[in-house]
Amino acid sequence: MKRIIIIILFLPLAMTGCSFWKITSLNSGRLVFLPAGSEPGQVVVKADDFGMEYLSISLNVSNGKVCVGDNELGRVQVVKLNGDVALIIGSTKNIKKGEIPVEKFNFGAIGFIAMDEDENIYIQNKLSQIKETRGAGGGPDGIDFSPSYILSFSKSGELQYTLGQRGAPDTPFSHIERLFIDFSGRLFVMSRTTDSWCVFRFKGKRREKYINLAAMDFTERDEGNVYGGKIDNVKIFSDGERMLISVSYYHNLRLKYIKIFEYSIAGARIEKTIMEIPDPKNVLFDIVDDKYLYLWNVSDGDVKFEVANLDGAIVNNVYMEMKNRRDFYTKILLDESGRIYSYHIMKSGVEVLKWE
């Protein structure tokens with residue numbers, strides 16, 4: 001039987017109404033399809049009869065273009081929505097000279113990709129592959145603790161600079177959880193180890209902020225019991241001045257509840273507790289329009305979300321109909337305008353869908 005993996009990344013939606021029982025169902029349409037192959041506009045999917053051997057493809061949608069990293073081909077492609085390739089950075093194998101804009105570059109391993117409104121491209125370049133797997137069997141769901149740098153390329157594919165933890169490439173990042181670009185064009189890098197999270201904010205080459213969340217104590221006591229708090233998620237507001245910190249509290253090894261805090265970056269402090277979640281099935285997913293929290297409701301494999309405001313009140317429920325897809329891998333994401341997309345890796349290639 002094929003191994004099916006669904007990963008949820010970001011999900012925004014314009015709010016209409018504020019009733020707890022309101023349900024919004026979304027439908028999808030194909031945006032672009034990248035067929036399996038090694039030519040421009042194609043991707044290589046490493047698969048056998050049992051599913052994907054490992055996840056070698058990363059993808060993002062930004063500024064009306066699809067950015068796809070292919071570690072089998074060693075290149076990043078910027079693809080227009082009509083399927084035409086606007087730019088390739090990386091290996092030039094199987095590319096005819098003058099066919100499309102190409103900038104040769106030798107990547108280690110390609111990770112996250114982000115693009116700002118000026119179409120500068122930020123690419124996580126891993127120096128090696130150090131994978132800690134979740135559960136037996138390993139595979140695409142492993143956590144990669146490879147040291148990484150961030151490479152900044154111009155719209156034309158020219159390498160502009162390299163970022164490490166201090167800006168200049170002196171110390172690489174540990175496991176990168178996410179890249180994010182705020183409305184001011186500042187790049188955020190969320191980095192973590194097994195026990196800690198760090199947030200870096202860059203303006204061009206310069207590191208503006210460094211926040212070590214490991215220095216915060218999330219221990220709570222109630223009726224003689226001690227609950228140890230562990231950060232499970234960090235999300236940045238689009239203004240770049242605040243972030244959400246989701247903390248899971250445990251009694252011994254048992255999860256008791258989750259709390260979501262609003263943190264002021266300028267004030268270097270927690271401003272307030274937004275909500276406490278007693279049901280461990282509901283986990284923080286993202287912040288949308290700097291107003292709404294999306295909580296992923298894990299239920300029978302369906303894609304469902306509860307939507308809460310910044311007072312912690314549930315205002316909507318969202319359902320995404322996947323129509324019993326049997327893809328190797330699925331990821332849901334959004335662009336800088338809040339449009340919802342998903343990409344689906346299958347043996348024949350990668351399908352990108354838009355949800356409305």
In whole Hz and in residue order, list the ³J(HN,Hα) couplings for the stretch 186-201 that follow from phi through the Karplus curve 6.51 cos²θ - 1.76 cosθ + 1.60, θ = phi - 60°; x for Gly and Pro. 7, 8, 9, 10, 9, 10, 8, 10, 4, 10, 8, 10, 10, 10, 10, 10
Among 145, 40, 312, whose Cα lies farthest out toward the positive end of the dipole of the chain, if unit charges sit on the beta carbon of Lys, Arg (+1) and Asp, Glu (-1)? 40
Give me the base-10 log of I(q)/I(0) for the stretch 183-295 at each q in 0.09, 0.18 Å⁻¹, Debye formula, one uniform scatterer per Cα, rounded to two decimals. -0.25, -0.94
Given Cα pairs under 8 Å that are at least 6 residues apart, what percent is the relative contact order of the chain? 20 percent
Is the chain best put as rounded, prolate or oblate by its Cα gyration tensor, with a ≥ b ≥ c the root eigenvalues, rounded for a/c under 1.5, and otherwise prolate when a/b is larger than b/c, oblate when not? prolate
With a ≥ b ≥ c the root eigenvalues of the C-alpha gyration tensor of the stretch 255-294, is it rounded (a/c under 1.5), prolate (a/b larger than b/c) or oblate? oblate
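Under the rule a/c < 1.5 gives rounded, and otherwise a/b versus b/c splits prolate from oblate, where does the stretch 65-126 land using the Cα gyration tensor?
Note, shape of the stretch 65-126 comes out oblate.
Rule-based calculations on the coordinates, nothing more; no lab input. Because the structure is predicted, anything quoted here is derived from the model rather than measured. All Cβ positions, glycine included, derive from the backbone under ideal geometry; neighbour counts span all protein chains shown.
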